[in-house]
Amino acid sequence: MNENFIQINGISKHFGNVKAVDDVSFSIKEGEFFSLLGPSGCGKTTLLRLLAGFEYPTNGNLLIDGSDITALPPDKRPTNMVFQNYAIFPHINVEQNIKFGLRKLGLTDDEIKKRVDDVLALVKLEGYEERFSGQLSGGQRQRVALARALVRQPKVLLLDEPLGALDKKLRDEMQLELRTLQKEIGITFVFVTHDQQEAISMSDRVAVMSEGKIQQLSAPNELYKNPENIFVSDFIGETNFLKASTKSKDGDQINVAIEDLGDFKVKNNLNIPENSSDVVCSVRPESMMISRDKSDWDICLEAKINQTSYLGEMTRFYVEVSGINKVITVSSQHFDNQSFENNTCFISISLEDISLLQKK
Amino acid sequence: MFQAWRNLYSKSDNAKAYSLLSPALFLIILVMLIPMALMLSFSSFTQVSMMEIDFTPTFQRYIDFFEKSLLVSLLIKSVKISFIVTLITLLTAYPVCYYIAFYVKKNKMLWLVLLTLPFWTSYLLRVFSWKIILGTKGVFNSTLLGAGIISEPLTFLMYSEEAVIITLTHAWAAFALLPLYVSLEKIDFSYIEAARDLGLSKFEVFWKVTFPLSLPGVIGAILIIFIPTVGDYVTPALIGGTEGRMLSNMIQAYFGKINNIPLGAASATIMLTTVILITAIVSYTTKRLTQRLS
């Protein structure tokens, strides 16, 4: 398997004074489900459009499977795209839409028929050949867009927020289906989304983008457990930030003073320097424990419940720790808002679950 | 009684719709249907002498029309001139609209206003100004003479079919711009990108995607120009001369100095039928063409 199937080398794209993509370099592996994740305006869609050939980079070059595609127009690239609004041609039916991209490949009629039949079966749209875009549901349109791109058997499939227009239930189904499909056909997928849950649940690797730069590129679980900076920690899932300052190092660990809580020794994966006051500790709501009684965890704090929200599979508590004027979010599967008398509780944190991050 | 009417009115959507439409319906009946019926009935009469009309119904006027080769050739010429005018207008207006719809980023409205600016003056004035431009001692000829390019004024410019075509093309261009622009502007750019992504060159994308999707505007423009120009008589009367005469000038003459109202009415009816037929054919073939292209 080619580790550097898609190579993005020092790519920048400027629109006037705006640096939509700012000197980005990374590689995507062959057969990988790769996601570009970030808030709107972070440059993820521009990067995808650079790969598709709808934009040309201000600087840098792009390689797919060893050949330079930087200057190639969209019709000469080994990529195909699933558009955000699907862009199913409204004047022709489903079958003609799917055949649309095959006419230039020099296939025989039999080959075309076989490819169309195969791809229709793949996306489960048999029997819809005669329909027009206006007669399809959102999910079906999405499948047609997928089929139309896949039928050309591209080296890379580019997907621009393809699930954004679907309702929650259908979106969850399609996530699973897309993932299964990608493993089945083995084509490299580059998937753009602003939905962190979507990126995490589907991808082999995720690049989190902000302000035209890659903030972190890693496997989803790494992204969640070991965020490399405050942006990623905040953007992926929910978290609590506690102000802190570092003291002396101790091997892989470092002594920190967490504001209002005291001194602790925590892991220092990011190799943050000693005696820095520009650091924060991040603790995920579900890594903490909420209880009626005091626990023997590393940190145990008495707190008052301000607010609860019931989420079905868990309940989220917004608690105010005694003596600190700060609201902390804790989630629990075992307790609900009737579990506590007088709204008093204890929250416990294990030092293992504290991520130390540097402010910018 | 009044209450009962009110109840009926508030319950019936049809009653509401018709009452809202009634002023327009009244006007259409008054100025369209009644004259139309009058024209049809006149076409079945016979002009006996200057003042006398025989009201016995007959189809003879229609037979008269097709027996007079002048009338038939004028009908064909009217259709031909209109067809050329429509074609030239489309060929010139389409690229302009394409440019505004896809390449102009800011102030699209300003572009449209500027393009339609000449059309804020009256139709008659514009026809007269073409007379000044194309005339024997007009702007065009005197410039060419002055520059020494020609030694005698070009006479075919004025009082000819070409003059009628030029004037009509200019006079109706603005009406083609708007439907064309609207239909092109409506095309989502992602269709064009998708077609490029699917391996088509820019040229192929135009014929497979952009043009078929803009066809409603093209049909609109064709009809908007074709229908009024077939029947136009101001331009041929003012700058067509004998060469550029069209059927409408003859119809006017039948109602005026020739004084054969029944034959005039029959000619007008034939012309109307021709326009309706051509309209139907255009709509049908363009629809077919869309399917063929894709």
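Just so it is clear, none of the values below were taken in a lab; they were calculated from the coordinates. Keep in mind that what you see is a predicted model, and the values were worked out from it rather than measured. Here the Cβ is made from the backbone with ideal geometry for all residues, glycine too, and neighbour counts use every protein chain on show.
Only helical runs count toward this figure. For chain A, summing -39,500 (n - 2.57) over DSSP H runs of n ≥ 4 and dividing by all residues gives -6500 deg cm²/dmol at 222 nm.
Given N residues in the protein assembly as shown, what is Rg(Cα) / (2.2 N^0.38 Å)? It would help to have the intermediate numbers written out before the result.
Details: Rg = 37.5 Å, N = 654, 2.2 N^0.38 = 25.8 Å.
Compactness ratio reported: 1.45.
Look at the dipole of the protein assembly as shown built from charges on Cβ: of A:Asn255, B:Val182, B:Thr116, the Cα furthest out on the positive end belongs to B:Thr116. Separation of region A:79-134 and region A:259-300 by C-alpha centroid, Å? A separation of 54 Å, based on Cα centres. Taking the helices alone, chain B has a mean residue ellipticity at 222 nm of -23000 deg cm²/dmol, built from -39,500 (n - 2.57) per DSSP H run of at least 4 residues and averaged over all its residues.
Within the P(r) computed for region A:288-360, what percentage of the Cα pairs occupies the region above 22 Å? When every Cα pair of region A:288-360 is considered, 21 percent fall beyond 22 Å.
Show me the GluC sites (Glu not before Pro) within region A:294-360 that DSSP assigns to loop and that have at most 15 other Cβ atoms within 10 Å of their Cβ.
Working: sites: A:Glu302, A:Glu313, A:Glu320, A:Glu341, A:Glu352; in loops: A:Glu313.
Hits after loop and neighbour filter: A:Glu313.
When the Gaussian network model of chain A links Cα atoms closer than 10 Å, the mean-square fluctuations of A:Met81, A:Met209, A:Met174 top out at A:Met174. Per-residue Karplus couplings for region B:36-48, computed as 6.51 cos²θ - 1.76 cosθ + 1.60 with θ equal to phi - 60°, are listed in order as 4, 5, 4, 5, 4, 6, 4, 5, 9, 9, 10, 7, 8 Hz, Gly and Pro entered as x.
Express in nm, to one decimal, how much length is gained between A:Glu111 and A:Phe26 on full extension, taking 0.36 nm for each residue of separation and deducting their alpha carbon distance. Mind dumping the intermediate values first?
Values: separation 85, 0.36 × 85 = 30.60 nm, distance 3.67 nm.
Once the chain is fully extended between A:Glu111 and A:Phe26, it gains 26.9 nm.
Applying the criteria of a DSSP loop state and at most 16 other Cβ atoms within 10 Å to the chymotrypsin sites (Phe, Trp or Tyr not before Pro) of region B:19-112 yields B:Phe55, B:Phe59, B:Tyr103.
Taking B:Ala280, B:Ala253, B:Ala15 as the candidate residues, the one with maximal mean-square fluctuation in a Gaussian network model of chain B, Cα springs under 10 Å, is B:Ala15. About its Cα centre, region A:240-358 has a charge dipole of approximately 180 debye under the convention of +1 per Lys or Arg Cβ and -1 per Asp or Glu Cβ, with nothing else charged. What the Cβ-Cβ distance of B:Ile227 and B:Ser22 gives, at R0 = 22 Å and to the nearest 0.05, is a FRET efficiency of 0.25.
When Rg and the Kirkwood radius Rh are both evaluated on Cα atoms of region B:1-147, their ratio Rg/Rh stands at 1.16. Ordering B:Ile53, B:Tyr18, B:Thr136 by Cα displacement along the dipole of region B:1-152 toward the positive end leaves B:Tyr18 in first place; charges were set at the Cβ atoms of Lys, Arg (+1) and Asp, Glu (-1).
Once the Cβ-Cβ distance of A:Lys155 and A:Asn17 is raised to the sixth power relative to R0 = 35 Å, the FRET efficiency obtained is 0.50. The charge dipole of the protein assembly as shown, taken about its Cα centre with unit charges on the Cβ atoms of Lys, Arg (+1), Asp and Glu (-1) only, comes to about 2580 debye.
Note: relative contact order over chain A, using C-alpha pairs below 8 Å and six or more positions apart, is 15 percent. Calculate the FRET efficiency for A:Lys76 and A:Lys183 from the Cβ-Cβ distance with a Förster distance of 25 Å, rounded to the nearest 0.05. In this case the efficiency is close to 0.30. For peptide B:200-209, the mean count of partner chain Cβ atoms within 10 Å of a residue's Cβ comes to 3.
Which stretch or stretches of region B:120-136 have amide N atoms under 12 Å from the point lying 7 Å from B:Glu243's Cα along the Cα→Cβ direction? Output list for this probe position: B:135-136. Each of B:Phe102 and B:Val31 was given a label point 7 Å from its Cα along the Cα-to-Cβ line. The distance between the two points is 4.0 nm. Just so you know, the averaged projected area of the alpha carbon convex hull for chain A sits at 22.3 nm². Note on region A:240-358: Cα convex hull, mean projected area over all directions, 7.4 nm². Of the trypsin sites (Lys or Arg not before Pro) found in region B:128-195, those that fall in a DSSP loop while having at most 15 other beta-carbon atoms within 10 Å are B:Lys137, B:Lys186.
Quick one: what do you get for chain B if you divide its Cα Rg by 2.2 N^0.38 Å?
On the way: Rg = 24.4 Å, N = 294, 2.2 N^0.38 = 19.1 Å.
For chain B, the normalised Cα radius of gyration is 1.28.
Given labels modelled 7 Å from the Cα in the Cβ direction, how far is it in nm from B:Thr285 to A:Asn221? Simple spin-label model gives 6.9 nm for this pair.
The distance between label points at A:Lys294 and A:Ile272 comes to 2.9 nm (points 7 Å beyond Cα on the Cα→Cβ vector). Springs join every pair of Cα atoms under 10 Å in this Gaussian network model of chain A, and among A:Gly106, A:Gly138, A:Gly38 the largest mean-square fluctuation is at A:Gly106.
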